[in-house]
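Asker: I have a structure here, written as structure tokens, and I will follow up with some questions on it.
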Amino acid sequence: MNPSTKQLKWFNSEHAHSALAALDEKSLPQHIAIIMDGNGRWAKRQGKPRLFGHKAGVASVREMIASCVELDIPYLTIYSFSSENWSRPEDEVSGIMKLFVEVLTREIVNLNAQNVRVKLIGDIDALPEKTRLAFAECVQSTAANTGLTLVVALNYGARQDIVSAVKAITSEVHEGDLSSDDVTSELISSRLSTSGIPDPDFMIRTSGETRLSNFLLYETAYTELYFTDTLWPDFNRDALLDALLSFQDRNRRYGGL
Ligand code: IPE
Ligand code: IPE
Ligand code: MG
């Protein structure tokens, strides 16, 4: 692609410039989903507590948001906390919850300046009140923005989301508002928390793990997957461009030839 001056300024390494030149604008994904993994190992390598890694990971999130904005990618979904992450030690969980409040309060101005709209998926009601309120404030304050949609998966589990959708559908069938013949894959999609958001066409997982860990199981039927050993706090613009170069070489067959 022929990068704009603004893009060249943002992606400012030599590596980034050659990657940008090799990228085809038309084959960029429209929705990137990221499993941001490896914060704990990153911290451990430096002899620091796990929370240090989570804090460092925030800079990578900021870079991904700005990168998607610069590349005109309309949707970015980030897996921030899974339904299963509650099983971690109490101090790590409460540290993460506090970190959300700090980061959200600080970043609302930047999100608005970048025209980013924040959406939440997951069971928000089960969060500590301060975290829930900080997210509600962020969603409300960015609701009118028209640029990148940043979907934050928080206390999210795909199976739990599918269970809620099935419950909603069965109760509508029970009430007579739907017949079982109305149940299609589109209908199921429309009852998931990701309703209205196109399925991700590209999913990145950092840290060398090659599993989905209960993330967007229904939505990723034909998503291209990308796994890298890089730990989340080290995942930067250059790493994203490498991932995008890999995406554009994929042959998406959808079961055809
Ligand atoms: C991902 O990093 C962040 C969350 C799950 C909240 P981890 O905390 O899972 O880091 P590792 O996988 O233990 O290194
Ligand atoms: C997935 O990472 C969840 C998030 C990135 C928020 P985990 O570190 O929790 O996944 P597992 O336990 O290695 O599968
Ligand atoms: Mg992990």
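Rule-based calculations on the coordinates, nothing more; no lab input. This one's a predicted model, so the numbers in the text were calculated from it and none came from an experiment. So basically every Cβ, Gly included, is an ideal-geometry build from the backbone, and we count neighbours across all protein chains shown.
Asker: I'd like the distance separating the alpha-carbon centroids of region 117-183 and region 87-109, in whole Å.
Answerer: 20
Asker: Using the alpha-carbon centroid of each, what span in Å lies between region 16-69 and region 226-257?
Answerer: One Cα centre to the other: 12 Å.
Asker: Starting from the Cα of Glu102, step 7 Å along the direction of its Cβ; do the same at Glu14; then give the gap between the two resulting points in nm.
Answerer: 3.7
Asker: Just Leu178, Leu104, Leu217 to compare: in a GNM of the chain, with alpha carbon springs under 10 Å, which one fluctuates most?
Answerer: Leu178
Asker: Over the chain, what relative contact order in percent results from Cα pairs under 8 Å that are six or more residues apart? Please list the in-between numbers first.
Answerer: On the way: 389 pairs, mean separation 71.4, N = 257.
It rounds to 28 percent for the chain.
Asker: Let me ask another. Under a cut-off of 20 Å between alpha-carbon atoms, report the lysines in cross-link reach of Lys130, not counting same-chain residues fewer than 8 places apart.
Answerer: Of all the lysines, those that pass the test against Lys130 - Cα under 20 Å, at least 8 places apart if same chain - are Lys55, Lys98, Lys119.
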